[in-house]
Amino acid sequence: VAAFDSFRFVIKGSLAGAAVYVAYDQGLLGSGTQGAEALKKAQAALPPAIQEWTSYIGWEVRTLQLPATPKFDFSPSDSWNKGVQTVMSALSVAPTRACEYTVEGWKYVKDLVK
């Protein structure tokens, strides 16, 4: 049973490593422009690949139309920058807030003791 579990672990680890390698090789882990280029390549290559696969299997597909990819007004770099700014802002006021909360806590404890 232990050998089977280790075999499953090795198989799962190999698949995960291969997935990360393919994503890196295709540019999905690079910059935003590299990811956009990889998406364009996938959109261009996917319909012919599916058509070839279905003809190999013997299925007949008259027209294969994939839905258009949705357009998002979303910039990962802007979101990342906003997140970094929020975290840095929180860290910069943390000592002041900690002092305020400590004073409030002591007042609360003193009021309970009275």
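Numerical summary
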{"quantity": "Checking residue 63 against (1) open to solvent by 100 Å² or more (accessible area, probe 1.4 Å); (2) part of a helix (DSSP H, G or I); (3) at pLDDT below 80, the condition it does not meet", "calculated": "(2)"}
{"quantity": "Qualifying residue in segment 72-80 (condition: under 16 Å from the mean Cα position of the chain (by Cα), open to solvent by less than 80 Å² (accessible area, probe 1.4 Å) and modelled with pLDDT under 70)", "calculated": "yes"}
{"quantity": "Matching residues, segment 7-53, being surrounded by 10 or more Cβ atoms within 10 Å (Cβ to Cβ) and among the hydroxyl-bearing types (Ser, Thr, Tyr)", "calculated": "14, 21, 24, 31"}
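The values are calculated or read from the model by the stated rules, or taken from the named source; none is laboratory data. Note that the structure is predicted; figures quoted are calculated from it, not measured. A quick note on method: Cβ atoms are made from the backbone with ideal geometry, for glycine too, and the neighbour counts reach across all protein chains shown. Heavy atoms of the whole protein, side chains included, go into the accessibility calculation; ligands, DNA and RNA do not. Shrake-Rupley method; radii C 1.70, N 1.55, O 1.52, S 1.80 Å.
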